[in-house]
Amino acid sequence: MSRRPPVSDAVGRAETTLQRALRIGDEHQRRKDASIGAPTRVVQFDTWYTPEVKMMKAIFEKVFNRHDPRIEQGVMYLVDGSNVFFPNKPYRTQAILDVVAENGGAKGPCVVVSNYQTLRDMKSEGKYQAVLDALLPMTGKEYPILFCHVGVLKCGVPTRGGRLRDDLCLKRNHRVQPEECTYTVSGVSLGPAHKYCEFDDILLTRLFTVFSTKGYFPIVVSKDNTVKKETDVMGDVSSALRKLGASVVMGVELEDHRSA
């Protein structure tokens, strides 16, 4: 028999057994809902030096090698997260359905590549489950979903010491279309140019290349026909990102829903 005293309602009546059961059920559901939007961090690191190799190594060691070895070959979906799940716009879920249909309904691991701000938005209240539901046609709950993100610290944001960051940082100009970005490195400006805003596309292109060498058949999901970048753009932006040092933050997170 419970020793907990009865909880009284607003008018002083003792809480009934049924009311208590309903209240506990509501609290349990709220805790369950609050847990949505928290994939498991696999690895996080900074400095742009062969990021695709580091990410691939972490994915194989901490995810793929712990599961069915068949994951190590075949179809892999690379989703342009900042295009398909762009913040404050309707999600382009039809792009996912179209690509799956074009590939005969093939299932495989899904890697969502995005900038850090897009990932934060996807994980915000009420959106993360919608993202997982949209990705389901590619994985069929048979394969894991991974989020690979990259971000650059913004200029003008207070540092831990309270000073506004004015070096090794990124400025965005949203007043022009397409938007332009500038990196500030040791007082020198690199840009403005749109290519410096597309560091997540650079990461996706590099991941596409490295996974292709591991026996995968990467399939890119995007409504942006230019998401895979040319060699000259890859070189320019990668060189600039290396100069930013620890102001470039990257990571891999796992949503392994196969046992759900």
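Tell me, 194, 149, 174 in order of fewest to most beta-carbon neighbours within 10 Å? All intermediate terms of the calculation are to be shown ahead of the outcome.
Details: 194 15, 149 25, 174 8.
Fewest-to-most ranking of 194, 149, 174: 174, 194, 149.
Rounded to the nearest 0.05, what FRET efficiency is calculated for residue 49 and residue 91 with R0 set to 35 Å and r the Cβ-Cβ distance? Walk me through the numbers on the way to the answer.
Values: r = 33 Å, r/R0 = 0.94.
Once rounded, the FRET efficiency stands at 0.60.
Could you work out the pair-distance distribution P(r) of the stretch 41-255 from its alpha-carbon pairs, with 5 angstrom bin width and percents rounded to whole numbers?
In order of increasing distance, the bins hold 1, 7, 15, 20, 20, 16, 11, 6, 3, 1, 0 percent.
Can you list the lysines whose alpha carbon is less than 17 Å from that of residue 171, not counting same-chain residues fewer than 8 positions off?
The qualifying lysines are 154, 195, 243.
Around residue 206, with a cut-off of 15 angstrom between Cβ atoms, what is the net charge of the other residues, counting Lys and Arg +1 and Asp and Glu -1? Walk me through the numbers before you get to the answer.
Numbers: positive: 54, 57, 195, 214, 228, 229, 242; negative: 52, 80, 198, 200, 201, 230, 232, 236.
So the surrounding residues net to -1.
Rank the residues 153, 241, 132 as a footprinting-exposure proxy: fewest other Cβ atoms within 10 Å of their Cβ go first. Kindly include the intermediate steps, with their values, before the conclusion.
Working: 153 17, 241 24, 132 20.
The fewest-first ordering by Cβ neighbours comes to 153, 132, 241.
Taking the Cβ of residue 46 as the center, what net charge do the other residues with Cβ under 12 Å away carry, scoring Lys and Arg +1 and Asp and Glu -1?
Details: positive: 54, 242; negative: none.
Net charge around residue 46: +2.
How far apart, in nm, are two points set 7 Å out from the Cα along the Cα-to-Cβ line at residue 136 and at residue 61?
3.5 nm
For the stretch 104-152, just say rounded, prolate or oblate: build the C-alpha gyration tensor, square-root its eigenvalues into a ≥ b ≥ c, call rounded for a/c under 1.5, and beyond that prolate if a/b exceeds b/c, oblate if not. Working shown, then result.
Details: a/c = 3.07, a/b = 1.61, b/c = 1.90.
Oblate, since a/c reaches 1.5 and b/c is not below a/b.
Counting other Cβ atoms within 10 Å, which GluC sites (Glu not before Pro) in the stretch 193-253 have at most 16 and lie in a DSSP loop?
On the way: sites: 198, 230, 253; in loops: 198, 230.
Of the GluC sites (Glu not before Pro), the ones in loops of the stretch 193-253 whose Cβ has at most 16 other Cβ atoms within 10 Å are 230.
Most exposed first by the Cβ proxy, i.e. fewest other Cβ within 10 Å, how do 41, 175, 165 rank? It would help to have the intermediate numbers written out before the result.
Values: 41 11, 175 7, 165 16.
In order of increasing Cβ crowding within 10 Å: 175, 41, 165.
Coordinate-derived values only; no laboratory data. Because the structure is predicted, anything quoted here is derived from the model rather than measured. In this analysis, Cβ positions are derived from the backbone assuming ideal geometry, glycine residues included, and neighbour counts consider all displayed protein chains.
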